[in-house]
Amino acid sequence: MPKRICIDPGHGGYDPGAVAKGVREKDITLKIGLQLRDLLRKAGFEVLMTREADVSPGGYPQVAADLRERCRIANTKQVDVFLSLHVNAGGGRGAEIYVYGQGGPIASLAKGVITGVSTICGTHGQAVRDGGPNGTGFAVICNTEADAMLLEIGFIDSDDLQKIQANLDKFAPLICRAFCEFYKLKVPDDRADDQEPPVPQMLDRQAVDLVIAQLGALTKTGTDEVLVACNYAANSLRRALSLPITQNKGIPTPRAADRVIDVLGALWMCAEDEDIQDAYHYAADALRAVQSQRFIG
Ligand SMILES: [Zn+2]
């Protein structure tokens, strides 16, 4: 039975949460929540969301009813872990996580989450705190039957904000990693902040030159879209060998990337030399990485 996780992106709809410099807590929590949903599913978890858009769950424009609805969603589906995502306010610095009492069976999961997330903004105070009835008494911790956590990733109204914005795509992978480690699952591959495929496998200079030349030849007969994809693939090879990049035509469309991947695949099948095959393979991987990014972003 896969573990069932409920992700609760804090606030939403009528309730922006904390706001600073035009940035709203509800947008940050939703962005991270959706990324985390996809990553946890990729890792093999069953994921339930309290919201997946800029709305309040159930459409209640009132805090008590809104929070009750979030707990109800988790309780009816009998999730194993409930994770509420928030951004703090009040002028402090760092991340902290609230659990029920000491955290019970998920104490070390909470610790894993805060250890990962605090690499962005550091920790605030004691980092793991009691959000249950004997602590801050958060509704989503007290009224959920699952083991619950409420994560504050940092402070929106301090210089944490800059760090949060610069690293927005890093939170979900960090949280996902903690879940995978706790439940002993393989951490899914994410290339959210990595344009290039994981670097080599030693590429052969001569083979790379040859493949770059072939990609160049293709641009002479191809459409404009294909030209961009060929340029992108050639530049990935140039980067891998630290060769100078003379022209950067930008990110290819998925359709053009697909076509050039097909061409590289066909060439790969016709090639005898392993070094040349490696170069085709590397260039095709670079184009695949662009495609997988589109689904995350
Ligand atoms: Zn909040």
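If contacts are Cα pairs under 8 angstrom and at least 6 residues apart, what is the relative contact order of the chain in percent?
16 percent
Could you tell me the calculated FRET efficiency between ASP262 and LYS31, based on Cβ-Cβ distance and R0 = 41 angstrom, to the nearest 0.05?
Efficiency computed from Cβ-Cβ geometry: 0.80.
Nearest 500 deg cm²/dmol is fine: what mean residue ellipticity at 222 nm does the chain get from its DSSP H runs of n ≥ 4 alone, each adding -39,500 (n - 2.57), divided by its residue count?
Calculated at 222 nm, the ellipticity per residue is -16000 deg cm²/dmol.
Given N residues in the stretch 1-133, what is its alpha carbon radius of gyration divided by 2.2 N^0.38 Å?
That ratio works out to 1.04.
Which percentage, to the nearest 5, of the DSSP beta bridges contained in the chain is antiparallel?
25 percent
Using the scaling law 2.2 N^0.38 Å as the reference, what is the normalised Cα Rg of the stretch 104-245?
Cα Rg divided by the expected 2.2 N^0.38 Å: 1.59.
I'd like the antiparallel share, as a percent to the nearest 5, of DSSP beta bridges with both residues in the stretch 1-95.
Antiparallel bridges make up about 25 percent of those DSSP assigns within the stretch 1-95.
Run the simple label-point estimate for THR119 and GLU52 please: 7 Å along Cα→C-beta, distance reported in nm.
With each label point 7 Å from Cα toward Cβ, the separation is 2.9 nm.
Under a point spin-label approximation (7 Å from Cα along Cα-to-Cβ), what is the ASN75-ARG239 distance to one decimal in nm?
Placing both labels 7 Å beyond Cα along the Cβ direction yields 5.0 nm.
How large is the Rg to Rh ratio of the stretch 206-260 when both quantities use alpha carbon positions and Rh follows Kirkwood?
0.95
At 37 °C and a viscosity of 0.692 mPa s, what translational diffusion coefficient does Stokes-Einstein give for the chain, taking Rh as the Kirkwood radius over Cα pairs? Give it in µm²/s as a whole number.
The Stokes-Einstein estimate is 155 µm²/s.
Quick check: from the Cα gyration tensor, does the stretch 228-297 come out rounded (a/c under 1.5), prolate or oblate?
Oblate, because a/c is 1.5 or more while a/b does not exceed b/c.
Between ALA89 and LEU185, how many nm apart are label points set 7 Å from Cα along the C-beta direction?
Placing both labels 7 Å beyond Cα along the Cβ direction yields 3.4 nm.
Compute the separation of the alpha-carbon centres of the stretch 51-78 and the stretch 208-246 and state it in Å as a whole number.
The stretch 51-78 and the stretch 208-246 have Cα centres separated by 50 Å.
Who wins for biggest fluctuation among LEU174, LEU267, LEU39 in a Gaussian network model of the chain, springs between alpha carbons below 10 Å?
Ranking LEU174, LEU267, LEU39 by mean-square fluctuation puts LEU267 first.
Distance from a point 7 Å along Cα→Cβ of GLN165 to each backbone N in the stretch 31-59: keep the residues under 15 Å and list them by number.
Zone members listed by number: none at all.
Going through the cross-link list LYS42/LYS163; LYS26/LYS111; LYS3/LYS31; LYS31/LYS77; LYS111/LYS170, which pairs have a Cα-Cα distance over 20 Å in this structure?
Long pairs (Cα-Cα over 20 Å): LYS42/LYS163; LYS26/LYS111; LYS3/LYS31; LYS31/LYS77.
Stretched out fully, how many nm does the piece from THR136 to GLN206 gain, at 0.36 nm a residue minus the Cα gap?
Net length gain for the segment: 18.8 nm.
Using the 10 angstrom Cβ neighbour count as an exposure proxy, how do LEU227, LEU185 rank, fewest first?
Taking fewest neighbouring Cβ atoms as first place, the list is LEU185, LEU227.
The numbers here are math on the coordinates, done by the rules we state, and not lab data. It should be emphasised that the depicted structure is a prediction, and the values quoted were computed from it without experimental measurement. Ideal geometry is used to build each Cβ from the backbone, glycine not excepted, and the neighbour counts take in all protein chains shown.
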